[in-house]
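Coordinate-derived values only; no laboratory data. What you see is a predicted model, and the numbers here were worked out from it, not measured in a lab. Heads up, the Cβs are rebuilt from the backbone with ideal geometry, glycines too, and the neighbour counts pull from every protein chain shown.
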Amino acid sequence: MRSASAFDIRSARRVRSFALLCLTALLAPAAAADPVAFGARSLEIPAPAGFVAVTGEMPRYHELSQAYLPAGNRLVEIYHTTEDRAALLQGQDIGLTRYHQMQTLRAYDGKPLSAAEFTAGMAEMETAIQGTLENFDTAPLTDAGNKALADQTGEDVAISIGDTRYLGVFRREPWALFFTTTSQVAVSGVEGNGGRIVCAGSAALINHQIVYLYTYTDDTGPEARTWAEAAVSAWADAVRAANPDDAAVAARADAMQSSLGFPAIGRNALIGACVGGLLGLFFWLRRRA
């Protein structure tokens, strides 16, 4: 995130039309898919176009990011550009402006869910996503994350989130629901470390596995939302194409009962979207060995 003046400068430099953004997403080379574990099973997960997974090289970063999430959400992977990854590994202080994250619900981690059941429950999921902000208190989550940050790094800085706005659903599929949020994020006591972020998210069923896909960017204006929505949409399509529904998994899924219910799936999708964006602010702080 940046100051308001920096937002204005970047906005002038980065304005793109919707057509150009979509064309870029379509023409970007496909990323190689890597096996990612979900319980006892795994999925082939291609990284978002132009981004790379970083958890293997930065396990502490992953651990601290997980600390800001609700207990029911598991952080599966984080993705940054190759340039940002290199800078972070070199210990440079940078402000991350675009990044991605994959989460899942622990109650469904590795447990196949019926595609028909998922589709039938999407209306409940959407209602829960819309209603979650009415009683959404981020303080317990940010307090837990800030404590973990202080315990592990000595950085006694409070990361906070507020003025979260739900911008609605921008795409519906039988296998996924796509939505957008925007939030005001700040790091107290560190001048200039704050601003609005946009998150375009998806609650998707990939070969009968529930996954949450999130794309984050600084809120520099309408083009930021357009980019985020196009990016997460293209990523979800790539993940689904790499993991076609397996009949053997489907047979097991059809015999299972939902663990939590679809309102919980929708609620945690929204909460994971909002607080997952806090992870980028960690690197506004001085990284310690």
>> Need one number: nm distance between label points at Ala144 and Ala123, each 7 Å from Cα along Cα→Cβ, rounded to one decimal.
In response: 3.3 nm
> For the range 82-87, in order, what is each residue's ³J(HN,Hα) by Karplus, 6.51 cos²θ - 1.76 cosθ + 1.60 with θ = phi - 60°, in whole Hz (x at glycine and Pro)?
Replying inline: 4, 5, 5, 4, 4, 5
> Between Asp163 and Glu63, what length in nm is gained on full extension when 0.36 nm per residue of separation is reduced by their alpha carbon distance?
Replying inline: 33.4 nm
> Between Ala251 and Asp156, what length comes free when the chain is fully extended (0.36 nm per residue of separation minus the Cα-Cα distance, one decimal in nm)?
Replying inline: 29.2 nm
> Taking other Cβ within 10 Å of each residue's Cβ, how do Trp235, Trp227 sort, fewest first?
Replying inline: Trp227, Trp235
> Tell me, Met125, Met58 in order of fewest to most beta-carbon neighbours within 10 Å?
Replying inline: Met58, Met125
